[in-house]
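Below you'll find the structure, written out as structure tokens, and then a few comments.
Since every read-out is calculated from the coordinates, none of them should be taken as a lab result. All values reported here derive from a predicted model rather than from experimental measurement. Cβ placement follows ideal geometry from the backbone for every residue including glycine, while neighbour counts extend to all protein chains displayed.
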Amino acid sequence: MTLPSTTFELALTPRPCDICGRRELEKVWSFRHIAKTAHEHFLFNNTVVICPQCGFSFVSPCPAQEGLNRYYTDALSYFKNQDVAYSVDTRIRLAQKYIPQDSDVIEIGSNRMTGFHEECARHFRSFRTIELKPDCGSDFARADQVPPASCDAVLHFYVLEHISDPKAFLKQMHAILRDGGIMICEVPSTRNYPNYIGDFIYWEHLSHFTLGTLSRLARLCGFSLISDETLPCSHRCGFSAVFKKEKQDPGEVRFDSAEYAETMASYKITLGKKDYFFAEIDRIRGRMTEVTGRGGTVILWGVNDIMRRLVLDWPGLNDNMIFIDDDPRKADFLDGLTVRRPEEIANRIKTAQLAVLTTERFQPVILGKIQQQFNKEFSPAEVEVIDWNR
Ligand SMILES: [Zn+2]
């Protein structure tokens, strides 16, 4: 793997088990990934481990938070016209079910504003947001800017798994809450990884939770679980949990030996699918070579991290493989490879023999747009979709 000159290698720090403190951990798999933000490249060296004592799985050693802050500050916020990836209604129902209306509420890691935020701002006494990314219009950039005991509820959706020290984060949530305050949390579930391997192989994910490991970790930070397993979740990959801030020390937190076996059973399937994903990359590369070898054109639509995995450092690229994305900010995302807007290369789209799409979710939208805007219909055999949730 060749490193771009602007690559920032994330420093690693030792990380014993956050729940039981154990240092002897079992390695599940390790990988390197170069991620691109707006102005820099970041090299992740991740080793996913599992604690044989309590079953908690996480990245150890772990990227230091300072480097992660630099990464997230420069990461692109979501493409503004993209659909929201979660159910706004489920989030609203969750928040309104567990949080009284006369509450001061704060969300951490809100990213760009959606209907969920508008509804919360209308519904609760006050609603504020914390987001590192500067272009999201948030009230705070960091949680330590929020005064202690100033909120009745905190919300964080798909944030905790990105934090290098989740215990420190949860203690901070405890500190900004008033007594008896509510914390609503959603994270990806290791139980769902066999269907959503992207959450397992995603370099930003530094902890891998079950409801059991999350609630034990939260208990160590002064929270008790008040919801059950059947709680609806706003994203199909995860689970949600509701906690209450307790005053007293949690006392002894017991481990459940079944956690280890359960997570390992899920990982066994997930690792097989992960190997399949990388084999698919090889297969699709082979088809691209074959089509362009006989003079055909391949369009590659959707410049994202899957596209980076597909093409970067691959010597088989040629000029008849054309990268397309609607978002002009993606122009530099492929390290010097030209990314075009669809309307710039209408003729190549019309005559292409193969379309490679890097998102399953937007496949119908993209193919519909190609048909409508360019009057070009690809047969099913002329479309390859690569997505890590297949
Ligand atoms: Zn442990």
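Observations on the model:
- Loop-resident GluC sites (Glu not before Pro) (DSSP state other than H, G, I, E or B) in the range 252-291 with no more than 14 further Cβ atoms inside 10 Å of their Cβ: 252.
- Residue by residue, the range 49-64 carries 3J(HN,Hα) couplings of 10, 9, 7, x, 7, 10, x, 6, 10, 6, 8, 8, x, 10, x, 5 Hz when phi is fed to the Karplus relation 6.51 cos²θ - 1.76 cosθ + 1.60 (θ = phi - 60°); x denotes Gly or Pro.
- Only helices enter this figure: runs of n ≥ 4 DSSP H residues, each worth -39500 (n - 2.57), summed and divided by the residues of the chain, yield -9000 deg cm²/dmol at 222 nm to the nearest 500.
- With R₀ set to 35 Å, the beta-carbon distance separating residue 346 from residue 314 gives a calculated FRET efficiency near 0.85.
- Ranked 266, 164, 126, criterion: other C-beta atoms within 10 Å, fewest first: 126, 266, 164
- Between residue 64 and residue 102, the modelled labels are 4.8 nm apart [label points 7 Å from Cα along Cα→Cβ].
- Within the shell of other residues whose beta carbon sits under 9 angstrom from the beta carbon of residue 207, the net charge comes to -2, with Lys and Arg scored +1 and Asp and Glu -1.
- The H on the amide N of residue 129, modeled in the peptide plane, is under 5 Å from the matching H of 107, 139, 140, each at least 5 residues off or on a different chain.
- Length gained on full extension, residue 376 to residue 269, computed as 0.36 nm times the residue gap minus the Cα-Cα distance: 34.7 nm.
- Computed FRET value (nearest 0.05) for residue 278 with residue 85, which takes r as the C-beta separation and R₀ as 22 Å: 0.40
- Long-range amide H partners of residue 8 with built H, under 5 Å: 41, 42, 43
- J(HN,Hα) series, the range 21-30, from Karplus relation 6.51 cos²θ - 1.76 cosθ + 1.60, nearest Hz, glycine and proline x: x, 5, 9, 8, 10, 9, 6, 9, 6, 9
- If you take all other residues with their beta carbon under 11 Å from the beta carbon of residue 192, and give Lys and Arg +1 and Asp and Glu -1, the sum is +1.
- Net charge over other residues, Cβ less than 14 angstrom from the Cβ of residue 335 (K, R count +1; D, E count -1): 0
- Label point at residue 149 placed 7 Å out along Cα→Cβ; residues across the range 157-176 whose backbone nitrogen lies under 15 Å: 174-176
- Antiparallel DSSP beta bridges within the range 14-156, percent to nearest 5: 55 percent
- Under 5 Å, built H, 5+ apart or other chain: amide partners of residue 187: 158, 239
- Taking a point 7 Å from the Cα of residue 353 along the Cα-to-Cβ direction, the residues of the range 303-337 with backbone N closer than 20 Å to it are 316-324.
- Whole-number D in µm²/s for the range 1-252 (Stokes-Einstein; Kirkwood sum over Cα pairs; 4 °C, 1.567 mPa s): 69 µm²/s
- Comparing Cα centroids, the range 100-147 and the range 374-388 end up 40 angstrom apart.
- Using the Cβ-Cβ distance between residue 118 and residue 236 with R0 set to 22 Å, the FRET efficiency works out to roughly 0.40.
- Of all DSSP beta bridges in the chain, antiparallel share, percent nearest 5: 45 percent
- The HN-Hα couplings worked out from phi for the range 380-387 by the Karplus form 6.51 cos²θ - 1.76 cosθ + 1.60 (θ = phi - 60°) are x, 5, 9, 10, 10, 10, 10, 8 Hz, whole numbers, x standing for Gly and Pro.
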